Amino acid sequence: MHIPTATYRIQFNRDFTFNDFIGIIDYLHQLGVSTVYAAPILKSIKGSKHGYDVIDPHVIDPEIGTIEELRTIAAMLRRKGMTWLQDIVPNHMAFDSSNLRLMDVLERGPLSNYYQYFDINWNHPSAALKGKLLVPFLGDSLEDCVRNKQVRLNFSQAGFVIEYFTQRYPVSIGAYEQLFSDSDSRDVGKLKHEWEQFWNGAAPKAELKTWQRLKSQWFNSISRSEENSIRSIIEDYDTHVEKLFKLLDSQHYVLGHWKKTDAEINYRRFFTVNQLICLRMEDAQVFREYHSFLYSLYTEDVIQGFRIDHIDGLFDPTHYIRRLRDLFGDTCYIIAEKILEAKEVMPPNWSLQGTSGYEFLAYVSQLYTDRKGAGQLVKFYKGLVPQLPAYRELVVENKILMLENYMGGEWDYLVEYFCQLGLHADFKPRAIKQVLGALMVSLPVYRIYPEGLPLTGSDLVIMSEAFQKAKQLIPAYTAALDHVHGLLVSPVEYQKANILTFLKRLMQFTGPLTAKGVEDTTFYIYNPLISHDEVGDSPSTLGITTREFHARMVLRQQTTPLSLNATATHDTKRGEDVRIRLNVLSEIPESWITTVQRWFEMNKSWTLSLDEVRAPTVNDEYFIYQSIVGGFPEDFKISENWETRLREYLIKVVREAKVNSSWEAPNEAYENGCTEFIKNILKEDSAFLQSAVQFIKKLVGYASTNALGQVLIKITAPGIPDVYQGCELWDLSYVDPDNRRPVDYSIRQKYLMQIELKEKEGFAALRSFLANHRGLGLEKLFVTWKVLNLRRMHKELFNIGEYVALPVSPGEAVACAYARHYRNAWMLIIVPLAVAKEKEWTQESVLIPANLTGTWINQFTHKQIAVGENLFLRDVMDEFPLCLLTKTHN
């Protein structure tokens, strides 16, 4: 197995291609990276910035590069001992007219080989959708779009199409007879006859590429006079809209307004994104077809491992993993994007190396949060917004909001499916709907992974908790809840198959509900300390002790030592150094509270009174202050670019919160009020800006040390360190798309070269150089480079070596210390905590076991350290704020 020693995430798109990547391979190797962790590279919609909107899983995205370029890269990586970890997207594809598999379904309906490829409910109870796919992308009603000439009939070399701006949907083949029958032209009659001959041949059930080729040949063979006849048909339909309505009614699909899906939908989508249609990956044929090209890249040794995107969306993730293992073998490194709640662990029967690391992000962020100080911040916050419900209540409210207002179609489908399977007994659909909704809202995790009935183990515990909470939500439906609970814990034998099928199906929707209700709503409303409003983390817990951190690291080493250690990803709500900077507020709560109260007072005149609310609200204003403090440039200079990024970020924030604005109904007056507020308080001569800079300068001094500690822990703790693109320097980005901005690798290469040269002059010269360029992030780059390369030299120690927690005296809160051990090799790691409390170290020390005393080497300063049973912090961190010692014992 090609086990990474360190991964580096690259977001490939048309602005950063394979050719661009070739130019940084030497740099990544020099940095200490072993494995390129690539965003999806399969063909996506034109202009995709992320690659998760795949349109063809058998082709490299031409905007990124070619298969030949990828093979060249693979050869270059092999020569350096580097590998490629590929992010794959088995849950969904783009719902776009460039998705030829999906367009084939629209065109040929049941005759298409892809008719069962996508997760479509062809038996929807609505007569309008039965046997048809909803295409929900119109900006108005279908009637208005037709009458306004926005939806029109047209013709291309691929045949007749229905056009809506840039989207071109094929006319269903069965409707061609109508088109050719609406004209008395001799040429049209001839066309109709020739078409019938063609259609009655081998074409209808041909494989997609064959069908496209035959169809193209046929349409290219028509005469000029026949082309003129086709134009006359199009003109006729353009003039007589009743004909167009009749044509649209005969398609294998229904064009609809984009908001229609809030209440009615007949395909599974990624979260609530209409533009992403899900796949039936549980079908063996779909699995084989989708993964065939990826398999060829793996067998060719172009790719050495995989990361599974959104595994929770699959019908049966456990079975999918088994199939993946059967295909790629036991020696393929495979991880999954799995967001684990606080007490949740990855299912032990998943044959994976681990997760993509969101839980690690939470562990480190919680370690750098002072629990007592965070409690003071929560108390202050409750005083600011006393009307705001408690966090857990808010989560329930927002899950209900999402279910009722945005996932009504999915909810109704689940009720209909439950009854269709004969599981409802004597209960009416209304009761079943309330029960299923309450269970989805009450589930304490994203989903469970049942393999049999009755439920046992953690699945039983989780569902029992969900039923208990559901009874509190809907006490009037206790009998119906007890009935459904009985199906799971004491099922009748003949119903087991249907119950299990439904339960797995239900789980495909609980994950999206949690993600939308919590990550994409509550995290933008509940703001006592927004550094913990983060994927994988939760503001319900603010701060853990070093003892708790050590316990989690020991468990991690025992269970998933090859999971990624992530601190920033393409999905995180804010950059890793924004998060770590904001956590310092928990160490200085009194100073922060006093300062922010002064800001509220001095900026009152910049708030805007609207009809029912002020802009920004107190809650949003507090969010703004934290966002400014967290993301303020390290050089303390405001640029127009940074202000623009901040304003655009805030617009996304208030829309995601769905309180004063939303994506569906933007409140431009409120949004403008918020952005003008930001613009005014950041004026060059504003009292706020002067006060903020003064406060942030002090904050950054502490946060820089903690940020370096975060890097050291990420690289040396159990797991595989993952560096998100560009984050070897300060990462002060906001949520996507801000965190997907282009990375300047030339400056990073220059800085790393300078660091290497300075180190050769001795640590004193290097330390001065790093300190003088702290604002550029050179200390972070130095630690990343130094420790990644050390890790590469000691693979076994970090991959399978023991994790040994070391006590700190007189109190655990001043530092986190541990050792890594494999055979006769030892490393000792110490990072300071609570640096903002400015406590001078006197007798604080790490307690060293007697067998580890002796002479060690400080890997940052290259000095020898005499280590006794008390290793005093003042002695090992007097020249550099971190400690990494190595020793070889015979």
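Quick look at the numbers
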{"quantity": "Hull volume in cubic angstrom per residue (convex hull over the Cα atoms of the range 694-770)", "calculated": "143"}
{"quantity": "Helix 589-602 axis, angle to the chain major axis (alpha carbon atoms, nearest 10°)", "calculated": "60"}
{"quantity": "For q = 0.15 Å⁻¹, Debye-computed log10 I/I(0) when each Cα of the range 171-267 counts as one equal scatterer", "calculated": "-0.73"}
{"quantity": "Spatially close lysines, pair count over the range 341-489: Cα under 24 Å, gap of eight or more or interchain", "calculated": "14"}
{"quantity": "Accessible surface, 1.4 Å probe, highest first, among residues Arg447, Arg430, Arg647", "calculated": "Arg430, Arg647, Arg447"}
{"quantity": "Cα gyration tensor shape for the range 237-385, rounded if a/c is under 1.5, else prolate or oblate", "calculated": "oblate"}
{"quantity": "Exposure rank, largest accessible area first [Trp258, Trp730, Trp663; 1.4 Å]", "calculated": "Trp663, Trp258, Trp730"}
{"quantity": "Rounded to whole Å, sorted largest first: equivalent-ellipsoid semi-axes of the range 366-502, Cα gyration tensor", "calculated": "34, 18, 12"}
{"quantity": "Accessible-area value, Met507, 1.4 Å probe, nucleic acids and ligands omitted, Å²", "calculated": "0"}
{"quantity": "Overall Cα dimensions of the range 545-673, principal axis frame, Å, largest first", "calculated": "57, 38, 30"}
{"quantity": "Cut-off under 5 Å, modelled amide H: who pairs with Ile544 long-range", "calculated": "Leu367, Thr369"}
{"quantity": "Per-q log10 I(q)/I(0), the range 360-426, q = 0.15 Å⁻¹ (Debye; single scatterer per alpha-carbon; no solvent)", "calculated": "-0.75"}
{"quantity": "20 °C / 1.002 mPa s Stokes-Einstein diffusion coefficient of the range 309-433, Kirkwood radius on C-alpha pairs, µm²/s", "calculated": "112"}
{"quantity": "Residues of the chain: accessible area per residue with a 1.4 Å probe, Å²", "calculated": "39"}
{"quantity": "Cα gyration tensor of the range 699-858 - equivalent ellipsoid semi-axes, whole Å, descending", "calculated": "28, 20, 17"}
{"quantity": "Rg/Rh ratio calculated on Cα atoms of the range 67-208 (Kirkwood radius)", "calculated": "1.11"}
{"quantity": "HN-Hα J in Hz across the range 752-767 - Karplus 6.51, -1.76, 1.60, θ = phi - 60°, x for Gly and Pro", "calculated": "5, 5, 5, 5, 4, 5, 5, 4, 5, 7, x, 5, 4, 5, 5, 4"}
{"quantity": "Long-range HN-HN contacts of Arg614 with modeled amide H, under 5 Å", "calculated": "none"}
{"quantity": "Hits among lysines - C-alpha to C-alpha of Lys887 under 21 Å, sequence gap 8 or more where chains match", "calculated": "Lys714, Lys786, Lys795, Lys863"}
{"quantity": "Span from the the range 300-343 Cα centroid across to the the range 519-594 one, whole angstrom", "calculated": "25"}
{"quantity": "For the range 147-161, Karplus couplings with θ = phi - 60° (6.51, -1.76, 1.60), whole Hz, Gly/Pro x", "calculated": "5, 8, 6, 8, 9, 9, 7, 8, 9, 9, 5, 8, x, 6, 9"}
{"quantity": "HN-Hα J in Hz across the range 458-472 - Karplus 6.51, -1.76, 1.60, θ = phi - 60°, x for Gly and Pro", "calculated": "5, 4, 5, 4, 5, 5, 5, 4, 5, 5, 4, 5, 5, 5, 6"}
{"quantity": "Globularity index of the range 406-481, i.e. its alpha-carbon radius of gyration over 2.2 N^0.38 Å", "calculated": "1.10"}
{"quantity": "Once the Cα gyration tensor of the range 309-359 is diagonalised, semi-axes √(5λ) in Å", "calculated": "19, 12, 9"}
{"quantity": "Column: log10 I(q)/I(0), Debye, Cα scatterers of the range 47-98, q = 0.12, 0.21, 0.31 Å⁻¹", "calculated": "-0.35, -0.88, -1.29"}
{"quantity": "Accessible surface of the chain [probe 1.4 Å, protein heavy atoms]: carbon and sulfur percent", "calculated": "51"}
{"quantity": "Cα long-axis angle, helix 618-631 against the chain (0 to 90 degrees, to the nearest 10)", "calculated": "60"}
{"quantity": "Residues Glu163 and Gln217, FRET efficiency given R0 of 25 Å [Cβ-Cβ distance, rounded to 0.05]", "calculated": "0.60"}
{"quantity": "Residues whose placed amide H lies under 5 Å from that of Ile334, excluding near-sequence neighbours", "calculated": "Phe306, Gln353"}
{"quantity": "Whole-angstrom gap from the range 700-738 to the range 1-39, using each part's C-alpha centre", "calculated": "17"}
{"quantity": "Viscosity 1.306 mPa s, 10 °C: Kirkwood-radius Stokes-Einstein D of the range 825-869 over Cα pairs, µm²/s", "calculated": "127"}
{"quantity": "Using alpha-carbon coordinates, inclination of helix 391-405 to the longest axis of the chain, degrees", "calculated": "10"}
{"quantity": "Using a Förster distance of 45 Å, the FRET efficiency for Ser662-Arg152 (Cβ separation, nearest 0.05)", "calculated": "0.90"}
{"quantity": "Inter-part distance where the range 149-185 and the range 391-412 are each reduced to a Cα centre, Å", "calculated": "40"}
{"quantity": "Volume of the Cα convex hull of the chain, divided per residue and given in Å³", "calculated": "185"}
{"quantity": "For Arg269, solvent-accessible area (1.4 Å; no DNA, RNA or ligand), Å²", "calculated": "10"}
{"quantity": "Accessible surface ranking that places the most exposed of Met602, Met753, Met281, Met1 first, with a 1.4 angstrom probe", "calculated": "Met753, Met1, Met602, Met281"}
{"quantity": "Interatomic Cα distance distribution for the range 22-65, bins of 5 angstrom, percent", "calculated": "5, 22, 24, 14, 15, 13, 6, 0"}
{"quantity": "Unsatisfied cross-links (Cα-Cα over 25 Å) in the set Lys683/Lys750; Lys573/Lys658; Lys780/Lys837; Lys49/Lys338; Lys132/Lys215; Lys49/Lys697", "calculated": "Lys683/Lys750; Lys49/Lys697"}
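The values are calculated or read from the model by the stated rules, or taken from the named source; none is laboratory data. Note that the structure is predicted; figures quoted are calculated from it, not measured. Note that each Cβ is placed from the backbone with ideal geometry, even for glycine, and that neighbours are counted across all protein chains shown. Please note that ligands, DNA and RNA were not included when accessible areas were found on the heavy atoms of the full protein model with its side chains. Shrake-Rupley method; radii C 1.70, N 1.55, O 1.52, S 1.80 Å.
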